[in-house]
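> Following this message is one structure expressed as C-alpha cells.
Quick note: the coordinates plus some simple rules give every number you see, no bench work behind them. Just so it is clear, the model here is predicted, and its values are computed rather than measured. Note that each Cβ is placed from the backbone with ideal geometry, even for glycine, and that neighbours are counted across all protein chains shown.
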C-alpha cells in the first residue's frame, strides 16, 4: 500500500476520512498507531503512513472513539515504557502530556512495553496485516500510542473452549 500524506495537503485534511474508511476493513491483528512527529517511515508493505498535521491527543481521542464505535473490534493499547521516565527538563511539556495521555488511555489499560519491542511487533505484523500510522505534530519522545485491534465478538475463553473440542487443530494467534 502506498504511503499517504507525505507532502499531500489533502491527506492531512482527510486523515479522519482515511481512518473511517480503513476501520470497517480492519479486524483482529490489524494496528492503528498514533505517532509523534519523529516516528520513522517503516518499509513493510502493509504499513500505511498518513501525516495528519493534527495535535497528538486530538488524534488519539478521535481514533479511540472511532474504534469504540466499531462493533467488530476492540482496542488493545500499548504505550512506550520509556514515556514514564522522560524528564520535563529534556522534553518540555512531557509531564502535562503524560498526565493527559494516561487519563485518556487509563480505562483501556494501556500496556507499557519497551519501544523497540513494540516496533518489532509492528514489523512482524506489517508483513502479513495492514497497519495504519497516523503521524501527528507532537515533538515529545516516546509518546506514540499503538493500538492492536482485537476481535470484539470472540473471547480468548471462547477460543480455548473451541480448541478443546478440536484437539488435533493447533490454536491460531487470535479469533
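> Would you mind ranking 15, 154 by Cβ crowding within 10 Å, fewest neighbours first?
In increasing order of surrounding Cβ atoms, one gets 154, 15.
> Tell me, what are the semi-axes, in whole angstrom and largest first, of the equivalent ellipsoid of the stretch 9-165 as set by the roots of 5 times the Cα gyration tensor eigenvalues?
26, 19, 15
> Also, quick follow-up: Would you mind computing, in nm to one decimal, how far apart the modelled labels at residue 84 and residue 139 are, each placed 7 Å from Cα along Cα→Cβ?
2.9 nm
> Please list, in order, the residues from the stretch 70-111 whose amide nitrogen is less than 19 Å from a point placed 7 Å along the Cα→Cβ vector of residue 44.
Only 74-81, 111 fall inside the zone, counting backbone N under 19 Å.
> I'd like to compare 111-122, 21-32, 155-166: which one has the highest average count of other Cβ atoms within 10 Å, and what's the full order after that?
21-32, 111-122, 155-166
> Nearest 10 degrees is fine. How inclined is helix 56-68 to the longest principal axis of the chain, computing both from alpha carbons?
The angle comes out at about 20 degrees.
> Evaluate the distance, in nm, between pseudo-label points positioned 7 Å from the Cα of residue 107 and of residue 95 along their respective Cα→Cβ axes.
It works out to 2.7 nm between the two label points.
> Go ahead and estimate [θ] at 222 nm for the chain from helices alone: -39,500 (n - 2.57) per DSSP H run with n ≥ 4, summed, over the residue count, rounded to 500.
The helix contribution divided over the chain gives -10000 deg cm²/dmol.
> While we're here: Note down the relative contact order for the stretch 9-165 as a percent, whole number, built from C-alpha pairs under 8 angstrom at least six residues apart.
Once divided by the residue count of the stretch 9-165, the mean separation gives 45 percent.
> Further question: Mind pulling the angle between the C-alpha long axis of helix 156-165 and the longest principal axis of the chain? Nearest 10 degrees, somewhere in 0 to 90.
So the inclination is approximately 20 degrees.
> How fast does the stretch 36-117 diffuse by Stokes-Einstein, in µm²/s, taking the Kirkwood radius from C-alpha pairs at 10 °C and 1.306 mPa s?
It comes out at roughly 109 µm²/s.
> Additional query: Note the angle between two axes, namely the Cα long axis of helix 94-105 and the longest principal axis of the Cα atoms of the chain, as a number of degrees from 0 to 90, rounded to the nearest 10.
So the helix axis and the longest Cα principal axis differ by about 30 degrees.
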